[in-house]
Amino acid sequence: MGKIFSKKLGQTEIKSFPIGFGGIPIQRVNERKAIEIIREAVKQGINFFDTARAYTDSEEKIGKSLSDIDKKIYISTKTPANTKKAALKDVKKSLENLQRDKIDIYNLHNVSDEKTYQKMVLNPNSALSGLKEAKRMGLIEHIGITGHSIELLKKALKTGQFSVTMFCYNFIENECENDFLDFCRSKNIGMIAMKPFAGGRLNDASINLKYILQQNDVLAIPGMEKIEEVRENVSIVNNQNVLTDKEKELMDYYKEKFTTQFCRRCGYCQPCPEGVNIPIILRAQSFINRMPEKDLKNGEKAVYKAFQTAYNCVNCEVCIEKCPYNLPIPRLIEKNINIIEKFLQ
């Protein structure tokens with residue numbers, strides 16, 4: 001496999017460097033450092049930046065970093081809103097934060113269950129209707145949708161309302177390869193791979209990026225919070241893209257290691273009869289690796305409250321019956337309680 005110098009996102013005009021910049025981890029660094037990291041990414045050739053309204057000050061940091069860059073830059077952000085009014089409000093706030101007159105892609109954020117899908121997509125007063133209005137007003141160029149359920153994303157894309165989709169994709173979470181990638185290609189939908197490092201659980205940048213670079217039309221957006229990470233990731237793109245035999249062996253090792261402990265965020269285990277937020281509990285280490293410490297230790301924040309539900313587990317094993325990956329969930333909850341307690345200390 002040779003070098004890939006750009007990736008076109010489906011039916012859009014966007015031609016991106018083979019990887020983009022995921023905007024979650026820069027929440028963890030101060031503004032000065034964030035600006036250095038983002039400008040280094042631009043210097044290295046990255047021209048696609050992804051963020052979200054939910055990522056605390058990520059939009060502001062990206063906006064300040066890119067405000068005076070004399071180069072074509074594409075920006076994607078997201079709204080968790082359920083209503084038209086709230087979505088329009090988010091678009092206007094994003095424009096202010098990002099210091100732009102128009103945003104290239106505005107996504108519905110985390111449409112991962114049927115109830116959310118009904119509210120954000122199908123309701124006459126949906127967030128989607130707000131984004132369509134924003135597009136008519138010239139505030140956004142393309143509408144996208146993100147989520148952790150391939151089946152639900154496929155259902156949404158069949159409506160013809162979305163130009164781009166963002167989904168989990170790494171060498172462990174690779175269910176999209178079954179038919180979803182080909183479906184998107186048939187509809188000329190732009191494909192963005194979030195969590196190429198599995199939310200910080202997979203640390204080998206070379207394997208993680210090379211695996212997705214095999215798909216010439218899928219754009220990976222690894223999160224970066226250090227200049228060294230930017231340079232390493234770009235170097236992987238610019239040099240040999242082929243997985244070595246040793247790397248393939250390591251992939252097999254990691255797959256076997258994580259098979260019985262890796263949560264795919266599908267949500268089939270929910271709702272728990274005892275109110276345990278299983279997907280967040282099982283991803284505790286990912287949150288700790290990627291989110292600002294002060295937010296995770298804030299008792300008023302959603303993730304902190306979700307962490308505390310772990311203590312409600314009574315080992316009833318209802319979740320095991322519902323999990324399509326046969327994970328030993330109660331045992332994993334116990335393991336993650338130890339991780340959470342150590343972090344909170």
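Where a number appears in this text, it was derived from the coordinates with a stated rule and is not lab data. Owing to the predicted nature of the structure, the values given are computational and were not obtained by experimental measurement. Note that each Cβ is placed from the backbone with ideal geometry, even for glycine, and that neighbours are counted across all protein chains shown.
Structure above, values below:
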| quantity | calculated |
| --- | --- |
| DSSP H segments from the chain that extend 15 Å or more along their own axis, Cα-based, with Kyte-Doolittle mean of 0.0 or above | 329-344 |
| E114/T83 FRET efficiency (R0 22 Å; Cβ-Cβ; nearest 0.05) | 0.80 |
| Mean shadow area of the stretch 1-87 over all directions, Cα convex hull, nm² | 7.4 |
| Where labels lie 7 Å past Cα in the beta-carbon direction, separation of R39 and K226 in nm | 2.2 |
| Spread of Cα-to-Cα distances over 10 Å intervals beginning at zero, given as percent, for the stretch 7-242 | 8, 35, 39, 17, 1 |
| Ranked packing of 195-208, 160-173, most packed first, by mean Cβ within 10 Å | 160-173, 195-208 |
| Sparse-neighbourhood loop sites, chymotrypsin sites (Phe, Trp or Tyr not before Pro) in the stretch 242-345 - DSSP loop, at most 10 other Cβ within 10 angstrom | none |
| Projected area, mean over directions - the stretch 278-344, Cα convex hull, nm² | 4.5 |
| Max mean-square fluctuation residue, GNM over the chain, Cα-Cα springs under 10 Å, options E40, E60, E114 | E114 |
| Computed [θ] at 222 nm, deg cm²/dmol, the chain (DSSP H ≥ 4; -39,500 (n - 2.57); rounded to nearest 500) | -12000 deg cm²/dmol |
| Value of D in µm² per second that Stokes-Einstein yields for the stretch 225-345, Kirkwood Rh from Cα pairs, at 25 °C (0.890 mPa s) | 149 |
